[in-house]
Amino acid sequence: MSVTGYLADFSLPELFQLLEQGHKTGLLTICTLKEPASGDRHNHHIWFSQGQIVAAGNSLDQQGLMRLIAQRGWMGDNAVSRLSQTCQIHTPLGLCLKNKGVLTAEQLKLLFYTQVMRQVCALFALPDGWFQFDPKAPLPSAEMTGLIATATDVTLAGLRALKDWKALDEKLPDPSSALIGVIEGKPSLRLNPNEWQVWEFTNGTVALADVATQLNLTVAKAQQIAFRLIVTGLAEEMPLIVAPPPAFLASTEPEELELSIASRSAPKTAAGAAPVSQSFLHNLVGFLKGKV
C-alpha cells in the first residue's frame, strides 16, 4: 500500500523522520507542482532501505549513476554499461566497480555526495509538491553507489544549507513555545555550535523568543534551529504556560481556572493555513509505523 499527500500538509523533513523511525524500504517520489512560466512538472526519486537513503535521481531509467560517472570522465557510458552487466544481481553498481578497481573509495564518496546529498538537500526549498511512498518498489542496484546516509543526516545538512525558509514557515515552532528534550543524555548527532546552545535550553522552561535573546540570535534563527532539533527527533515543542497573577487565582473558580489554562496552552494555527486532514495523518502515520 502506497501513501500519497502534499508537502504543504506534511513537510519533507517530517516525512524523512517517519520513514527513518519506521525503518521503511521503498521509493519516495516528489513531484513538483506546475511552474507558472512553463507549466512543467519535475519528478525526484529517493530510495530508502530500512529507513536509510541509498540513492536518488530525477528518472527511473537506471542510468543516472552511469551518466554521473561518464560526466566525471572516469569511464564512458558504453564501458560502464558493459561492466554493469558483469556485476552480481542486487550488488550496487558503485560497489561493483570499486571491487573491479575501476573506481576508488573517494570517487564513490563524490558520486554519492553529488547524487544524494546535493540533489536531495535542494528539495527542502520546495514550496509545495505531491509525494508518494511506494514500499513495493525494488531497490535500483544500477543507481546505488553502495554508500548510505541516514535520513536525519540528510535533513540536518539540507536545513542547515537552506537559505529561503518560506516553504517551512508554518512548520516552525511558535516563539512563545518552549522546547523539551525527548532523549536521555546528550545527542549523538554532530550538532553545530548554535544547535548545541539551543539544545541546552530543552528543559521546557524558556520561550524560544527568550532563548534567541540570551544567545544573541534572531527569533527566526532560533525557530529554525529548534525545528531542526524537532525533526531529527531530539526535542519537542511544548506550550509555555504562564502562571496567572495571584489575584486572579484567588477570585477564580476551579472550573474557570481549568478552562483558562487550557486556552493558554492550546496549540495555535498559523493564519490562513489550511488544517491538515486528520484521516490523512492517521493513515500516513499508521502506514509508516506498519500498522495499516
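The values are calculated or read from the model by the stated rules, or taken from the named source; none is laboratory data. Computed from a predicted structure; not experimentally measured. A quick note on method: Cβ atoms are made from the backbone with ideal geometry, for glycine too, and the neighbour counts reach across all protein chains shown.
Some observations on this one:
- Test set (1) touching a Ser or Thr at 6+ places or on another chain (Cβ under 9 Å); (2) assigned to a helix (DSSP H, G or I); (3) aromatic (Phe, Trp, Tyr) - Tyr113 fails condition number: (1)
- Test: residue in segment 238-245 that is outside any loop (DSSP other than H, G, I, E, B), of a type outside the set (Asp, Glu), over 15 Å from the mean Cα position of the chain (by Cα) and farther than 25 Å from Ala122 by Cα: yes
- Taken together, Thr104, Thr114, Thr145 contain a single residue that is farther than 24 Å from Leu229 by Cβ, among the hydroxyl-bearing types (Ser, Thr, Tyr) and free of Cβ contacts under 8 Å to residues at least 24 places away in the same chain, which is Thr104.
- Scan of segment 166-187 for residues that are more than 16 Å from Thr205 (Cβ to Cβ) and surrounded by fewer than 17 Cβ atoms within 10 Å (Cβ to Cβ), ordered by number: Lys166, Asp169, Glu170, Ile183, Glu184, Gly185, Lys186
- Matching entry among Asp210, Asp169 (being free of Cβ contacts under 8 Å to residues at least 24 places away in the same chain, closer than 20 Å to Glu236 by Cβ, among the acidic types (Asp, Glu) and part of a helix (DSSP H, G or I)): Asp210
- Sole residue being under 19 Å from Val231 (Cβ atoms), of a type in the set (D, E, K, R), modelled with pLDDT under 90 and not assigned by TED's automatic domain parsing to the domain that holds Glu195, chosen from Asp128, Asp153, Asp77: Asp128
- Taking segment 117-142 as the range and being of a type in the set (A, V, I, L, M), surrounded by 16 or more Cβ atoms within 10 Å (Cβ to Cβ) and either without any contact (Cβ under 8 Å) to a residue 60 or more places away in the chain or in contact with a helix residue (DSSP H, G or I) (Cβ under 9 Å, 6 or more places away or on another chain) (or both) as the test, the residues that pass are Met117, Val120, Leu123, Ala125, Leu126, Ala142.
- Of everything listed in (1) at pLDDT below 95; (2) part of a strand (DSSP E or B), the single unmet condition for Gln17 is (2).
- Residues within segment 137-154 that are closer than 21 Å to Thr4 by Cβ and either in contact with a Gly (Cβ under 7 Å, 6 or more places away or on another chain) or in a helix (DSSP H, G or I) (or both), tallied: 2
- The set of residues in segment 52-108 being among the aliphatic types (A, V, I, L, M), assigned to a helix (DSSP H, G or I) and over 28 Å from Phe16 (Cβ atoms) consists of Ala70, Ala79, Val80, Leu83, Leu97.
- Check on Pro175, at pLDDT 95 or above and in a loop (DSSP other than H, G, I, E, B): yes
- Residue, nearest to the chain's Cα centre (by Cα), within segment 190-203, restricted to residues that are surrounded by fewer than 17 Cβ atoms within 10 Å (Cβ to Cβ) and not polar (S, T, N, Q): Arg190
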